[in-house]
Amino acid sequence: MYKKQTRDKGNLNIGFIFSGGFANWIGGRNYFNSLFSAIDSYEIKIYIYVFCGEKDLLGFDKSIKRIKIIKTSALDRWSICWILGEITKRLVGYNIPLNLVLKKNKIDVVSHTMSKQALSIKQIAWIPDLQVLYHPELFGFSESKVRLDGYRSLLNYSDRVIVSSQAASNDCYAVSSKNHSKCRVLSFSVKQIDKTSVSLYDARQKYKITGRYMYIPNQFWAHKNHKLVFESMKELVREFPELMIICSGSLNDSRNKAYISELHLSLERDAIKSNVQLLGVIPYEDVMSLMYYSECVINPSYFEGWSTSVEEAKAMGIPLLVSDIPVHREQCEQDNVSVKYFNPHCTESFLSAARTMLNADTKSINRAERLTQASDHYKLKVREFAEKYVEIVNEVVFDA
């Protein structure tokens with residue numbers, strides 16, 4: 001547990017700026033719902049102000065009480081107010097219309113900026129991951145350079161920079177060693193699981209799922225590495241013929257539009273299509289239910305910033321079958337988690353880990369009891385998440 005503040009630092013108004021296609025970024029929306037929910041449940045005088053364009057739809061959890069949505073044309077691209085902001089950025093170095101909106105709402109600090117913001121108040125940036133350092137081939141030369149330049153800019157102008165893992169902090173050092181002292185590791189926790197709702201609702205009926213299955217709740221991006229699991233299924237179904245792989249998440253990879261078609265072809269070629277079900281994007285309560293009844297949650301990814309699906313599985317006590325990458329080690333070894341690792345480049349490694357998981361004696365498992373124990377433990381992690389974030393904010397507002 002992080003140490004508590006020893007003095008009352010008064011009310012804090014924290015601004016978050018969202019614009020453009022944020023509503024389509026499912027992972028980002030889940031992250032901020034988790035952060036806002038953690039703050040909301042913590043007895044601190046912090047208030048969340050979300051600034052967005054007049055027409056933006058954000059989709060935040062409506063149960064969060066300490067959140068106020070401020071819509072402003074200063075964030076509507078090509079509006080008169082937005083154009084004026086762009087002009088004043090060039091003339092005086094900061095966005096006057098947006099600064100006026102922030103000051104009107106008495107914002108103490110703007111948090112989780114992901115690109116350079118021309119503001120006159122303190123800023124905490126956020127770098128979700130630095131995947132481009134390890135897989136530049138996914139982005140191309142030009143975009144890779146833009147991303148790396150953007151990270152250096154964030155590290156240079158921001159008062160602090162939040163990353164989700166020590167691995168990401170190490171990557172920031174590689175990008176800009178002189179500004180690395182600004183980095184703060186904030187390993188996020190997901191929103192507290194509603195135990196009653198999860199245990200009473202069974203989404204298997206909705207998707208006509210019967211028998212044993214392993215669950216992959218990841219977007220269908222190439223680096224998420226569904227391909228390894230599908231290739232391994234050729235061998236696995238010989239030993240476990242009724243086994244299913246259930247997948248949910250967006251079926252579109254904007255950087256590799258042919259990827260999902262290639263996966264479909266491989267399923268047909270290897271005659272395992274009947275053992276793999278691709279659900280696409282499904283409601284969050286369905287994701288939680290499918291996790292609850294699964295044999296395990298799989299994350300075969302080559303790279304992660306901090307895996308939301310791993311955190312969700314931890315919050316419910318679900319066994320994990322994950323790629324052996326630094327972030328997964330960091331994420332799973334923090335807690336007493338049932339986990340098996342595998343080499344994300346090796347089908348034999350995956351098969352060995354999967355067999356161990358599937359051959360384990362699970363007859364004595366009481367899912368409801370497992371959920372209760374895991375959820376009660378996870379409450380502490382949600383509180384630590386909130387406390388660590390408040391510690392970073394106070395450092396910027398009062399001590400920087």
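The values are calculated or read from the model by the stated rules, or taken from the named source; none is laboratory data. Here the structure is a predicted model, which means the values were calculated and not measured. Every residue, glycine as well, gets a Cβ built from its backbone with ideal geometry; the counts of neighbours run over all protein chains shown. Ligands, DNA and RNA are stripped out before the accessible areas are found, and what is left, the full protein with its side chains, is counted by its heavy atoms. Shrake-Rupley method; radii C 1.70, N 1.55, O 1.52, S 1.80 Å.
Key figures
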| read-out | value |
| --- | --- |
| Which of SER177, VAL92, SER41, positive extreme of dipole for the chain (C-beta unit charges) | VAL92 |
| Rounded if a/c under 1.5, otherwise prolate or oblate - the range 291-391, Cα gyration tensor axes | oblate |
| Environment charge at ASP159 (Cβ cut-off 12 Å; Lys +1, Arg +1, Asp -1, Glu -1) | +1 |
| Accessible area (Å², per residue) of the chain, counting only protein heavy atoms and a probe of 1.4 Å | 47 Å² |
| Candidates VAL287, VAL297, VAL237: whichever shows maximal mean-square fluctuation once the chain is modelled as a Gaussian network with Cα springs under 10 Å | VAL237 |
| Area of SER63 that stays accessible when all protein chains are in place (1.4 Å probe, Å², to 10) | 70 Å² |
| Cleavage-rule hits, trypsin sites (Lys or Arg not before Pro), the range 305-400, DSSP coil, Cβ neighbours within 10 Å at most 13 | LYS363 |
| Pairwise label distance in nanometres, ARG255 with LYS71, each label 7 Å out on the Cα-Cβ vector | 3.4 nm |
| Loop sites in the range 26-123: GluC sites (Glu not before Pro), DSSP, at most 12 other Cβ within 10 Å | GLU43, GLU54 |
| LEU243, LEU100, reordered so the largest accessible area comes first (probe 1.4 Å) | LEU100, LEU243 |
| Estimated distance in nm for a label pair at GLU262 and GLU395, the labels positioned 7 Å out from Cα along Cα-to-Cβ | 4.1 nm |
| Leading residue at positive end of dipole, the chain (Cβ point charges), from ILE14, TYR302, LEU57 | ILE14 |
| Estimated FRET transfer efficiency when R0 is 51 angstrom, pair ARG355-ASP149 (beta carbons, to 0.05) | 0.65 |
| Accessible surface ranking that places the most exposed of HIS328, HIS180, HIS377 first, with a 1.4 angstrom probe | HIS377, HIS180, HIS328 |
| Which of LEU91, LEU321 is most accessible, then next, and so on - probe 1.4 Å | LEU91, LEU321 |
| Length added when fully stretched, ASP270-ASN170, from 0.36 nm per residue minus Cα-Cα | 31.9 nm |
| Surface accessible to a 1.4 Å probe, ASP376 within the full protein complex, Å² | 70 Å² |
| Protein accessible area in the chain, 1.4 Å probe - carbon and sulfur % | 52 percent |
| Full-stretch length increase - SER338, TYR94 - with 0.36 nm per residue and alpha-carbon distance subtracted | 82.9 nm |
| Length gained when the stretch TRP25-TYR201 is fully extended (0.36 nm per residue, less Cα-Cα span) | 60.7 nm |
| FRET efficiency estimate (nearest 0.05) - Cβ-Cβ, LYS234 to CYS346, R0 25 angstrom | 0.95 |
| Whether the range 20-81 is rounded, prolate or oblate, judged on the alpha carbon gyration tensor where a/c under 1.5 counts as rounded | oblate |
| Trypsin sites (Lys or Arg not before Pro) within the range 189-228, DSSP loop, no more than 13 other Cβ atoms inside 10 Å | LYS208 |
| Value at 222 nm in deg cm²/dmol, rounded to 500, when DSSP H runs of n ≥ 4 in the chain each add -39,500 (n - 2.57) | -12500 deg cm²/dmol |
| Rough spin-label spacing in nm, given labels placed 7 Å along Cα→Cβ, for THR372 and LYS55 | 5.1 nm |
| GNM top mover of GLU311, GLU330, GLU143 - the chain, alpha-carbon springs below 10 Å | GLU143 |
| Cα gyration tensor category, rounded, prolate or oblate, for the range 70-124 with a/c compared to 1.5 | prolate |
